[in-house]
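K.L.:
Okay, handing you the structure first.
Computed from the coordinates by the stated procedures, all read-outs in this text should not be read as laboratory data. Since this is a predicted model, take the numbers as computed values, not measurements. Backbone-built Cβ (ideal geometry, glycine too); neighbour counts: all protein chains shown.
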Amino acid sequence: MQNSFKKQVGKILQKIGLKKLGIKIDLKINTYHRDFINYLRSIYIPIIVRKRLRKGLFAINLDSDWLGLGARIVATIELLMYAEENGLLLKMKYGYRRRGDDYNYYEDLFEDIIAEKGQEKNKQINYTSIRNVFELGLKKNYNKLLNCELANKLFNRHIRITCNIMTEVDNFYNCHFKGCNVLALHYRGTDKVGEAPKVELDFVYNFIVETLDTSTIKFDKLFISSDEVSCIELFQKRKLPLEIISRDDIYRSSDGKQFHRDPSNNISVINQEALINCLLLSKCNLLIKTASILSDCCKIFNPDLPMIILNEPHSSNLIWWPATELNKKYLYKIPEKPHTSLLQ
């Protein structure tokens, strides 16, 4: 109804030559409205949380359409750190506002190791819905305090991955990885180009070839995880001296569109496939990757995983942990071309 009204207004403004002005006004109104709502949330959410913490239960619903699984895992680790410091029991829920359901997508992936202390199993839990961790108004920025070793310990103390996920991972590992040296590639495309410079597939291919030629490890297989069909197809068509393997994911983009943003797609399946791929990447001998929080999370599951990162976000404002730690150690620096005078 609202969109239909906006279209009609837009047509009228276009006829009288004021459409551009109307768009500017609409953007201003939307910005002011969003900022006002965010201001109100920054006041009342911390109040609600403090009230509910009296019972020792820290129940948080990451209710956002824009947080990917990698960002949710990192936020969960931050909240675990806060909960441990304050003697609280963390209960997580992953929600997606626009889907309009009350389903807990966290439970498709993870289980809590520490049982609900004194909590009845089926007792109604009052979750506080947030869009990001900053809305909680915590006194510390836990993202800046994290490192891979600490995150690994926090995760293993409090969370286990569901049996269904681990069965998929173990079966694939035993079938394709066991007894082999596996080189891994995680290529993130689609909407990621808005955050980080696109790495062309030809460059990635040549980098893989060079790695195979120069590595002290003799790799038997190349495992590829990507949200784009074109990446896997390119490596399958070109000859490499090792076997190319990948999972038969249900969702993968063939037109550059973001399948994880499409409300008609099954987000539960998308999240499960993302976690399975992340865990498999963490079990390889070397990971070559493009900018992605999801594949950054491989270091949570395996802090000793060697990796090479081929690009980083456009702006330092887009970099948070684990990228702040990993980019310092593993970011590939493109060699500078020698100056012409030096060649002469």
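K.L.:
Test of understanding: ordering Leu150, Leu310 by Cβ neighbours within 10 Å, fewest first, what list do you get?
P.N.:
Leu150, Leu310
K.L.:
Right, something else. Under the rule a/c < 1.5 gives rounded, and otherwise a/b versus b/c splits prolate from oblate, where does the range 48-161 land using the Cα gyration tensor?
P.N.:
Since a/c stays below 1.5, the shape of the range 48-161 is classed as rounded.
K.L.:
Can you classify the range 163-330 as rounded, prolate or oblate using the Cα gyration tensor, where a ≥ b ≥ c are the square roots of its eigenvalues, rounded means a/c under 1.5, and otherwise it's prolate if a/b beats b/c and oblate if not?
P.N.:
Here the range 163-330 falls in the rounded category.
K.L.:
Moving to a separate point now. For the range 55-163, which GluC sites (Glu not before Pro) are in a loop by DSSP, counting at most 12 other Cβ atoms within 10 Å?
P.N.:
Glu120
K.L.:
How large is the dipole of the range 48-161 about the Cα centre if only Lys and Arg carry +1 and Asp and Glu carry -1, each at its Cβ, rounded to the nearest 20 debye?
P.N.:
Its charge dipole is roughly 460 debye.
K.L.:
Also, I was wondering about something else. In what order do Leu201, Leu62, Leu326 fall by count of nearby beta-carbon atoms within 10 Å, going from fewest to most?
P.N.:
In increasing order of surrounding Cβ atoms, one gets Leu201, Leu326, Leu62.
K.L.:
Say the cut-off is 25 Å between C-alpha atoms; which of Lys289/Lys329; Lys218/Lys289; Lys237/Lys299; Lys93/Lys329; Lys51/Lys140 go over it?
P.N.:
Result: Lys237/Lys299; Lys93/Lys329 exceed 25 Å.
K.L.:
What is the extension gain from Leu240 to Arg97, computed as 0.36 nm multiplied by their sequence separation minus the C-alpha to C-alpha distance, in nm to one decimal?
P.N.:
Stretched out fully, the Leu240 to Arg97 stretch lengthens by 47.1 nm.
K.L.:
While we're on this one: Can you put Ser226, Ser215, Ser282, Ser129 in order of Cβ neighbours within 10 angstrom, beginning with the fewest?
P.N.:
Ser215, Ser129, Ser282, Ser226
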